Amino acid sequence: MKIKQIALGSQGLVIPMIGLGCMGMTGFEEGHMYGPADEQEAIATIHRSLELGGNFLDTADLYGPLKNEQLIAKAISGNRDQYILATKFGWEINEDNKVTWAINGKKDYVKKALERSLKNLKTDYIDLYYLHRLDKNTPIEETVEAMAELVKEGKIGYIGLSEVSSETIKRAHAVHPVTAVQSEYSLFERTVEERGVLTTLKEQGIGFVAYSPLGRGFLSGQIKSLNDLPENDFRRAIPRFQGEQFDKNIELVKAIEAMAEEKNVTSSQLALAWIMSKGILPIPGTKRRKYLEQNITATAINLSDAELAQLESIVPLGTDTGAAYDEFSMGLID
Ligand SMILES: NC(=O)c1ccc[n+]([C@@H]2O[C@H](COP(=O)([O-])OP(=O)(O)OC[C@H]3O[C@@H](n4cnc5c(N)ncnc54)[C@H](OP(=O)(O)O)[C@@H]3O)[C@@H](O)[C@H]2O)c1
């Protein structure tokens, strides 16, 4: 099976219509993101993805911190030019490689973060470099000017932003063309649609990348109770996974699973096919070959208008599925 290639943004970046989210392949500090990760299987997943044409990898310096980029360097060693790498900066990481939890979009930090990512990824260029969160104390123009210099120097190919408003997108795009915006988007999270961000991107010719397209695994139907999540799993801190909200969301997942069964696909595949039917690029995260193969197979699923309507009637736009982050992290969204 050959994955269809699509243009992301208007500057010439061409990538497969589905990417591979690598965040869960390493833990964060002492905890897990999405359960324990096995390094060998994670590396095998990246290799299998390339074999299937899935050469667009998504990481960030925050993940680990830094360990995720280091894992990717190991996986792509000797084969760098076969991959399209996207990484992110902005959550400040200090000289001791500790996350300070401040967001830093200042010019000197942009350059420092880039050099560190190049070192960790063992490469001399990054294809797509994202600002991970807006630094509300630094004008976006300053951050993007610094990124534009990196483009000029050949250190990055394209500029991206993550979880930003329409206003920030327009201001940034006026300084230097923005190629992609990455925000959370799934059947459970449609804020970018409600806030007009998708419309702005279309108007400006900027691509959109949907992160957590499986609702951090919720939409896979594999999580039946909170007890299925390990003690130090990141998701336990998310309101969407807590208390009564969890029970309400499980009912929605059951209905999605029933529809998937009728169609002879998995609920993960259905959730991904729904995103791709809108011409949006999802970057499902997995650290196992088995899930990766299922997710890539979803690129061949075609949903009829009636099926799309059926799915959207299960989770209509505006359905309250709970907050995507705790209060602190919600405050960092532009
Ligand atoms: N810009 C940002 O602020 C931001 C925030 C979050 C994530 N991201 C990026 O987006 C990527 C994807 O998002 P995500 O990883 O948070 O969430 P996701 O893709 O919605 O879900 C990942 C979870 O789903 C499970 N899964 C994947 N495929 C499956 C399948 N076919 N069947 C059953 N379960 C399946 C994974 O299991 P296993 O882990 O066990 O394989 C993992 O627990 C990340 O890897 C990261 O690169 C960006």
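The values are calculated or read from the model by the stated rules, or taken from the named source; none is laboratory data. The structure displayed is predicted, hence computed values, not measured ones. Neighbour counts are summed over all protein chains in view; Cβ atoms, including those assigned to glycine, are modelled from backbone coordinates with ideal geometry.
When 86, 102 are checked against the criterion of being out of contact with any helix residue (DSSP H, G or I) (no Cβ under 9 Å at 6 or more places or on another chain), more than 11 Å from the ligand (Cβ to nearest atom) and either under 26 Å from residue 326 (Cβ atoms) or of a type in the set (S, T, N, Q) (or both), a single residue qualifies: 102.
For the range 151-159, does any single residue satisfy the condition of being surrounded by fewer than 19 Cβ atoms within 10 Å (Cβ to Cβ) and touching a strand residue (DSSP E or B) at 6+ places or on another chain (Cβ under 8 Å)? Yes, the range 151-159 contains at least one residue that is surrounded by fewer than 19 Cβ atoms within 10 Å (Cβ to Cβ) and touching a strand residue (DSSP E or B) at 6+ places or on another chain (Cβ under 8 Å).
Within the range 206-225, residues that are over 12 Å from residue 188 (Cα atoms) and more than 6 Å from the ligand (Cβ to nearest atom) sit with their Cβ atoms under 8 Å from residues that are part of a loop (DSSP other than H, G, I, E, B) and among the polar types (S, T, N, Q), at 6+ positions apart or across chains, in these pairs: 206/10; 206/179; 207/179; 221/266.
Just one of the listed residues (138, 179) is under 30 Å from residue 124 (Cα atoms), free of Cβ contacts under 8 Å to residues at least 40 places away in the same chain and touching a strand residue (DSSP E or B) at 6+ places or on another chain (Cβ under 9 Å), and it is 138. For the subset of the range 9-25 comprising residues that are of a type in the set (A, V, I, L, M, F, W, C) and more than 14 Å from the chain's Cα centre (by Cα), which member is surrounded by the fewest Cβ atoms within 10 Å (Cβ to Cβ)? Across the range 9-25, the extreme among qualifying residues is 14. Every listed requirement among (1) surrounded by 19 or more Cβ atoms within 10 Å (Cβ to Cβ); (2) out of contact with any strand residue (DSSP E or B) (no Cβ under 6 Å at 6 or more places or on another chain); (3) of a type outside the set (Val, Ile, Thr) is met by residue 129 save one, (2).
Could you check the range 22-31 and list, in sequence order, the residues that are at pLDDT 95 or above and over 14 Å from residue 83 (Cβ atoms)? Reasoning before the result, please.
In the first step, residues of the range 22-31 are kept if they are at pLDDT 95 or above; the result is 22-26.
Within the range 22-31, 23, 24, 25, 26 qualify.
Among the residues making up the range 19-39, those that are part of a loop (DSSP other than H, G, I, E, B) and more than 11 Å from the ligand (Cβ to nearest atom) are 27, 29, 30.
Out of curiosity, is residue 174 under 14 Å from residue 11 (Cβ atoms) and assigned to a helix (DSSP H, G or I)? No; evaluated as a whole, the condition is false for this residue.
Summed over the range 281-295, the residues that are within 6 Å of the ligand (Cβ to nearest atom) and hydrophobic (A, V, I, L, M, F, W, C) give a count of 1.
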